[in-house]
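The values are calculated or read from the model by the stated rules, or taken from the named source; none is laboratory data. Note that the structure is a prediction, hence the values are computed from the model and not measured. Cβ placement follows ideal geometry from the backbone for every residue including glycine, while neighbour counts extend to all protein chains displayed.
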Amino acid sequence: MTGHRRPPGTAGREATGPVPELFGWEFANDPYPAYAWLREHAPVHRTRLPSGVEAWLVTRYADAKQALADPRLSKNPAHHDEPAHAKGKTGIPGERKAELMTHLLNIDPPDHTRLRRLVSKAFTPRRVAEFAPRVQELADGLIDRFAESGSADLIHEYAFPLPIHAICDLLGVPREDQDDFRDWAGMMIRHQGGPRGGVARSVKKMRGYLADLIHRKRAALPPEPGPGEDLISGLIRASDHGEHLTENEAAAMAFILLFAGFETTVNLIGNGTYALLTHPGQRERLQASLAAGEHGLLETGVEELLRYDGPVEMATWRFATRPLTIGGQDVAAGDPVLVVLAAADRDPERFDDPDTLDLSRRDSQHLGYGHGIHYCLGAPLARLEGQTALATLFSRFPDLRLDADPAELRRRGGLIMRGLRTLPVSFTPPRSAGDNSASSMQK
């Protein structure tokens, strides 16, 4: 590891001084000073979350990496020794009532191994590379819609619709139905951190639609798979050929791929664009590299953006199946554990000068997409979308600029994801509507 070393024996010591306020609006906008305090004084810290659930926050890189791969920390909420006031407040609101619990974020081996194997073929490097032209088409088409206006809200007009349409295409959601998915996904994002009912209603609508879509696709499924068969058809075919995938499992898998497959990328594009706009030196380096037709800085740069201010603030819920020790702290069986990826990825014991954005940083072993058997399955697709979205945006609008005071921008509520509510920008419109330099950005 790089960086300075802490004195031995400090990992589990008692915190000195008051713990910084967590989970307020000031914290949501910039949690990194509070995370630095926790890393130093209370690296495995028990706290009451806004939902009322008490959980352990793991903030140091070494502890986080160990916890992410520890088989004693289960993903199954059945292991949560939840009190009455915390019942049903972990996980995605509404997924339990909608019978969508049997997905990759809520299960352990051997079921996790079986289901992950069924889906992994959709995210191979070859399959993702084949999808690259569609991602570029989406990026160009979305930019075309606002290019002449000279301004845009990049969250709602670009970062949000791009991954929604991409994951819908991959799943096999018909184009004529994708606007419904966009509406439901928008409700899920807007209601994060607020009343859980809005999210639950969207989950219920998605569940009903997916059940109907699975029935329709099963009825029309050809005897043999064709090239580029969509993912839902592949899941149906697996369930019909001895893999024992139930209809609930197929619906839950499609749901979680949609849910996890769009919001991470929304936040990667939004947070990444904001970081570049507020670090002009790094942005100029990237634009010069792209203008020269070089993509090395784009690739390392996206990894650095994932580390510096990534889309996932905390890894999804884990529950201790038996007593264990993390970072010198005893954790009881049944306790929830949240690994704080945003804190771990700024740990000075792991990364040199971790609060500095450096697009050429070669040490890219961040935890932004997790670690171990639950490492994000869709990471290759998210990286492709992030690279394409940023390259296209900054190539087509060389003078792109933030059109708001950074202090006035607000983050969405919620524990797991970290993203902006809005990102207003302005730019000089192209000389003609057909002006499009993005085609040169395709790899």
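Descriptive notes on the structure:
- Residue count, the stretch 402-429 (criterion: more than 25 Å from the chain's Cα centre (by Cα) and of a type outside the set (A, V, I, L, M, F, W, C)): 5
- Every listed requirement among (1) more than 30 Å from residue 425 (Cβ to Cβ); (2) assigned to a loop (DSSP other than H, G, I, E, B) is met by residue 356 save one, (1).
- Helices (runs of 4 or more DSSP H) wholly inside the stretch 222-337 that include at least 3 residues being under 25 Å from residue 418 (Cα atoms) and small (Gly, Ala, Ser): 247-277
- Flag if residue 198 is touching a His at 6+ places or on another chain (Cβ under 7 Å) and either assigned to a helix (DSSP H, G or I) or modelled with pLDDT under 80 (or both): yes
- Residue in the stretch 145-173 that is nearest to residue 265 (Cα to Cα), counting only those that are without any contact (Cβ under 8 Å) to a residue 24 or more places away in the chain and not basic (Lys, Arg): 161
- The single residue among 95, 176 that is of a type outside the set (A, V, I, L, M), over 21 Å from residue 267 (Cα atoms) and modelled with pLDDT of 90 or more turns out to be 176.
- Taken over the stretch 330-358, the criterion of being surrounded by fewer than 19 Cβ atoms within 10 Å (Cβ to Cβ) and under 12 Å from residue 44 (Cα atoms) is satisfied by 330 alone.
Per-residue answers, yes or no, for (1) part of a helix (DSSP H, G or I); (2) exposed (fewer than 14 other Cβ atoms within 10 Å of the Cβ); (3) in contact with a Lys or Arg (Cβ under 7 Å, 6 or more places away or on another chain):
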{"position": "108", "(1), (2), (3)": "no, no, yes"}
{"position": "112", "(1), (2), (3)": "yes, no, no"}
{"position": "131", "(1), (2), (3)": "yes, no, no"}
{"position": "138", "(1), (2), (3)": "yes, no, no"}
{"position": "141", "(1), (2), (3)": "yes, yes, no"}
{"position": "146", "(1), (2), (3)": "yes, no, no"}
{"position": "176", "(1), (2), (3)": "yes, yes, no"}
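- Scan of the stretch 18-42 for residues that are touching a strand residue (DSSP E or B) at 6+ places or on another chain (Cβ under 7 Å) and at pLDDT 95 or above, ordered by number: 35, 38
- Among the numbered conditions (1) surrounded by 14 or more Cβ atoms within 10 Å (Cβ to Cβ); (2) in a loop (DSSP other than H, G, I, E, B); (3) at pLDDT 95 or above, the only one that residue 425 does not meet is (2).
- When residue 327 is tested against (1) out of contact with any helix residue (DSSP H, G or I) (no Cβ under 8 Å at 6 or more places or on another chain); (2) crowded, with 18+ Cβ neighbours inside 10 Å; (3) at positive phi, only condition (1) is not met.
- Within the stretch 359-401, the only residue that satisfies the criterion of being buried (at least 19 other Cβ atoms within 10 Å of the Cβ) and among the acidic types (Asp, Glu) is 385.
- Tabulated pairs, the stretch 362-381, first in contact (Cβ under 8 Å) with a residue 12 or more places away in the chain and closer than 12 Å to residue 104 by Cα, second hydroxyl-bearing (Ser, Thr, Tyr) and part of a loop (DSSP other than H, G, I, E, B), C-beta under 7 angstrom, 6+ apart or interchain: 376/369
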